[in-house]
1. Residue A:167 to residue A:320: FRET efficiency via 1/(1 + (r/R0)^6), r the Cβ-Cβ distance, R0 45 Å, to the nearest 0.05?
2. Roughly what angle does helix B:244-254 make with the longest principal axis of chain B, taking Cα atoms, 0 to 90 degrees, to the nearest 10?
3. Under 13 Å from the Cβ of residue A:34, count the other residues' Cβ atoms, weight Lys and Arg +1, Asp and Glu -1, and hand me the total.
4. Roughly how tilted is helix B:312-323, in degrees to the nearest 10 and between 0 and 90, from the longest Cα axis of chain B?
5. Could you please state, rounded to a whole Å, how far the C-alpha centre of region B:205-256 is from the C-alpha centre of region A:235-265?
6. Gain in length, residue A:227 to residue A:35, computed as 0.36 nm per residue apart minus the alpha-carbon separation, to one decimal in nm?
7. Just to be sure I understand: of the beta bridges DSSP finds with both ends in region B:197-323, what percent are antiparallel, rounded to 5?
8. Whole Å is fine, so just give me how far the alpha carbon centre of region B:124-176 lies from that of region A:1-67.
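Throughout, read-outs are computed from the coordinates displayed, never taken from laboratory work. Predicted model, so just to flag it, every value in this text is computed and none were measured. Every residue, glycine among them, receives a Cβ derived from its backbone with ideal geometry; neighbour counts consider all protein chains shown.
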Amino acid sequence: MAKKTGHVIDFASIKATMSDPYKKTFQIVDKDAKIVNQELFDTFSDDQLVDFMKKMVWERTLHEQTMNFSRQGRLGFYAPTFGEEASEMGSISAFKDQDFLFPAYRDLPQLIQHGASVAQGFLWSKGNAVGDDYGDQRNWFPQIIIGAQYVEAAGAALGIKKNGEKDTVSFVYTGDGGTSQGDFYEGVNFASSFQAPAVFMVQNNGWAISVPRYKQTAAETLAQKGVASGVPAIQVDGMDVLAVYIATQEAREFAAAGNGPVLVETLTYRFGAHSSAGDDPSRYRTKEDEKPWFDADPLIRMRKILTDKGLWSQEQEDKLVDEYKTSFKASMKEAENTPTQSVVDMLKTTFEEPTPQIKADIARFEAKESK
Amino acid sequence: MAKLTYIKAITDGLDVVLGEDPKTLIFGEDVGKNGGVFRTTEGLQDKYGEDRVFDTPLAESGILGLSIGLAATGWRPIPEIQFMGFTFEAVDSIGGQMARNRFRFSGKRAMPITVRTPFGGGTHTAEMHADNLENYFVGTPGLRVVTPANPYDAKGMIISAVENNDPVLFMENLKLYRSMKDEIPEGKYTVPLDTAKVVREGTDITIVAYSAEVNESLKVADKLAEENISAEVIDLRSLSPIDTDTIFKSVEKTHKVVVVQEAQKMAGVGAQVASEIAEHAIMNLDAPIGRVAAPDSVYPWAQVENDWLPNADDIEEKAREILAY
């Protein structure tokens, strides 16, 4: 019997090429504000272009104002969105009112764009559950347990399908770290198995607190994590608001048409700390690491494009920032004027009908809190 | 009326809720065409279609996460976790998510989810298939944990669980599935989710138990009756919340109590019952609170299972000790 020599299965070349379909990062405007896809760029009206810029300025101003409030000790947990404006505003702009949104904790701006008030965002940060009372809006609370939102979004997508709702999808966000969770894969796979209308957003901002993207997986892209579940995916320049919008909008259209879920990876960067609670990025990354990403700032390229077209000026932007700041200050007042929650409120919302033990606790805290 | 096993009584109850409420959905591993590995959902897919009764991919966190998203879009999910040991994979979905959502949404969004799962020892299953994991779940605010001890309650309680607007962990005892039959009324009836039941009245000692240990306790009550000792047996039925009123009333009458559970002893249902009695009714007692529970080891493999599980002999021994105090 002859001994087998060498390999018949070329794992090395399978490994070397498996990411290729996902590495053609979709882009319309590059970091130097050069239009790399003129045909697609021309599909946007001037008003639309200005609107995207306004939304990004809104998100950045919200971030800056939130950090101010945070420094003044007026807020609790806050996950800075600085740098992710194109990824967040580009994608949310593709949503329709009837779509369900499952955000993670860094996705408050999308939650607000989808109907929640800025004051509600502040209340959530302050630890008042009234902030999560979205009424009839199809908003879910900002998920803390990374990955849980993915399986829940798959469920909402199946619910939408079973309800026979047309032109409706379930949107969910996570980050690069989130793709390592079992729930990430379970959510994507469940939605695929049921061919349910879900759009899975992965905002790859490079960092899961201090752990860099490359330590999460040896896979060259996160987009390719869809393929094992039979889910088509695309990697997008997450600093290009127009590309993020088009990719999300087409993903939405594909899913809503009954073709099953889609996964969109946006390549973006967390300019700031993980959270306002003491994280210091200088412990784990250098200014040199950060520089190319700051150069890719999504506002810089849109500002240049719009200024060149005569649609934007610094004066106009400053005025807008002032308007937004004024409104955020009013929202903060509103949040601060909202009564703080009591233990009794909590007890009353634990079950529909309080149990005898909870009734006893309610009586105890009513006496305590009325003092 | 028909004589039905515990398992068929549950199937019957599921049939009632599927027939009554078009928003109810049954799903999980093997629950569709196969009717569940124990046949609890047998025939339901044929009757209600694949849209209402369906198989899922094999992932417990996915199944319960799916339930939450379905509830968020107006459905009333009845997921099955094939064995309670597999709930370890889905602890966040239960404790971190569904049980907290009513609070998170200021009481305005409900999670009407009934998680069905078989548990309990004595059938020589493979490892992780028989564990009594109620100790992990009863300390979860926002979650009801219930377990019927007979076919009549099984049907009435599954209907109540599904109709309840909060998440319910519905534990079905493996050993009872086919070992008991009751006369089961046709159609709909309910058994409350939050009240214990005095299953045998007595005056000399109270035995508080749940699930399969109720039957073991009844055997002891029969034996003691031969010596004119009158034991009262209480079936908790609801493990969270616990109906302490029924227990206190009984203790006031008997002045002696033994608390029985199949699960390991540490920080569980029996500990809660004993501490409630100690806190609120100790002056009615003439003896220490007796406890019968499994030893604090991991759940045993099949060969030592019967030696490990608390049985009627253990309960009788403890009852005699407390009676003689």
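1. It comes out at approximately 0.90.
2. In chain B, helix B:244-254 runs at an angle near 20 degrees to the longest axis.
3. Residues near residue A:34 contribute -2 overall.
4. Orientation of helix B:312-323: about 40 degrees from the principal axis.
5. Spelled out, the Cα-based centre of one part sits 61 Å from the other.
6. Extending this stretch completely gives an extra 66.1 nm.
7. Roughly 20 percent of the beta bridges in region B:197-323 run antiparallel, per DSSP.
8. 48 Å
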